[in-house]
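One structure is given below, encoded as C-alpha cells.
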Amino acid sequence: MTTTTTSSSTSSAQEQQKALITLYTTQTPNGIKISIALEELGLQYEVHKHDFVTRTQKEPWYLAINPNGRIPAITDTLATGEQINVWESGSILKYLVEQYDPEYKLWYKPGTKENYELFNWLFFQIGGLGPMQGQMTHFKRHVVEPIPYAIERYTNETRRLYTVLEKQLGSSGSGYILSKFTVVDICFWAMAAASGWAGIDLDEFPNVGKWYGRLLDRPGVQRGMNVPEPHPVQALMDDKTGEKAKQFEEYSRSWVLLGMKRDAEALNKN
C-alpha cells in the first residue's frame, strides 16, 4: 500500500527538496523514527506499507532496495539525478539531516563537539536500548513458553539502559537528551513509546516520563508516530479489560514466529 504524505509544517527543507522520498515502513519503533524525522523536517514523502504477515519485505523488488529485507528504508534522488537507497534507521536519519537540514534543526554542524556527542547517543540507542528492549518484548510477548532467564536478562539490561537515559536527561539542563531537540530524541522516543508494551514502567524513570510527554506534545511527533497507521501501544495500555492487548499480542506473535520459521527454512535451503 502506498500513500502520499505532505507535512503541514513549512521550512527551507521543503524548498530545496530534490524529489519525493518514498518511505518503506510499517508501525514499529524503527519505522516511526523516520516518519517523525520527515515530519519534523517538513518534507514531502510517499509511504509504502509492508505487510509482515505476507512478508512483502522479503520480495525481490524490495530486497533490491534493502538487501536485509527489513524496515525502514527510503528511496530518494540525489542532485545528480541518481536514485539512492538508504536503509537502517540510523543511516536514514544521518542521510536526512545531511541532505535536508542545512540549518541544523535536528543535529549540529559537522566537526563540532556537539555533533560527535550526538552520534555517540544515536549509536547508543541503535546498538543498545533498541536491541535490548526488542529482545525484552520478544521474550515477554512472543515466546509461547516463557524462558525466565531470558526475561530476567533482557528486562534488567533494558532497565539499566533507561537508567543511563534518565541520568542524561537529568543533567542536560535543556529538557532534551542534548542541548536541544535532535534526531537522538526521536530515536529514544520511538522506543519509549513502546516501553509499556515491553513491560517498562516509565514511573520508575521520572525524567524520562517528563521528556516523553514533552515530545508527545510536538505536532511533528504526533503526525509521524501515526504512520502508516495509528500507533497502537497507548490504546493497548489504556484498555483496562486487556482484551485488545491479548489480540495484539496474538497477532504480533503469529507474524514474528512465522517470520522466524520462514527465515530458518530459507537458510536450510542454502
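The values are calculated or read from the model by the stated rules, or taken from the named source; none is laboratory data. Predicted, not measured: the structure shown is a model, and the values here were computed from it. Please note: Cβ atoms are built from the backbone with ideal geometry, for glycine as well, and neighbour counts cover all protein chains shown. SASA here: full protein model, heavy atoms, side chains in, ligands and nucleic acids out. Shrake-Rupley method; radii C 1.70, N 1.55, O 1.52, S 1.80 Å.
Just give me the residues in segment 105-148 being of a type in the set (Lys, Arg) and more than 22 Å from the chain's Cα centre (by Cα), in sequence order.
Matches in segment 105-148: LYS109, LYS113.
So if I check each of LYS244, LYS269, which one is among the basic types (Lys, Arg) and either surrounded by 14 or more Cβ atoms within 10 Å (Cβ to Cβ) or modelled with pLDDT of 95 or more (or both)?
Sole residue among the options that is among the basic types (Lys, Arg) and either surrounded by 14 or more Cβ atoms within 10 Å (Cβ to Cβ) or modelled with pLDDT of 95 or more (or both): LYS244.
Do we have TYR154 as assigned to a loop (DSSP other than H, G, I, E, B), open to solvent by less than 60 Å² (accessible area, probe 1.4 Å) and at pLDDT 95 or above here?
It is false that TYR154 is assigned to a loop (DSSP other than H, G, I, E, B), open to solvent by less than 60 Å² (accessible area, probe 1.4 Å) and at pLDDT 95 or above.
Is one or more of the residues making up segment 178-190 open to solvent by 10 Å² or more (accessible area, probe 1.4 Å), in a helix (DSSP H, G or I), touching a Pro at 6+ places or on another chain (Cβ under 6 Å) and within 24 Å of LEU96 (Cα to Cα)?
no
Given the structure, is GLY173 open to solvent by 70 Å² or more (accessible area, probe 1.4 Å), without any contact (Cβ under 8 Å) to a residue 12 or more places away in the chain and of a type outside the set (D, E, K, R)?
So GLY173 fits the description; yes.
Check LEU122 against each of (1) in contact (Cβ under 8 Å) with a residue 24 or more places away in the chain; (2) touching a helix residue (DSSP H, G or I) at 6+ places or on another chain (Cβ under 8 Å); (3) part of a loop (DSSP other than H, G, I, E, B) and name the one condition it does not meet.
(3)
Can you tell which of ASP263, ASP201 is open to solvent by 30 Å² or more (accessible area, probe 1.4 Å) and under 21 Å from the mean Cα position of the chain (by Cα)?
ASP201
Please return the ranges of helices (runs of 4 or more DSSP H) entirely within segment 15-114 where 2 or more residues are open to solvent by 20 Å² or more (accessible area, probe 1.4 Å) and under 24 Å from ILE126 (Cα atoms).
Filter on segment 15-114 gives 29-40, 89-100.
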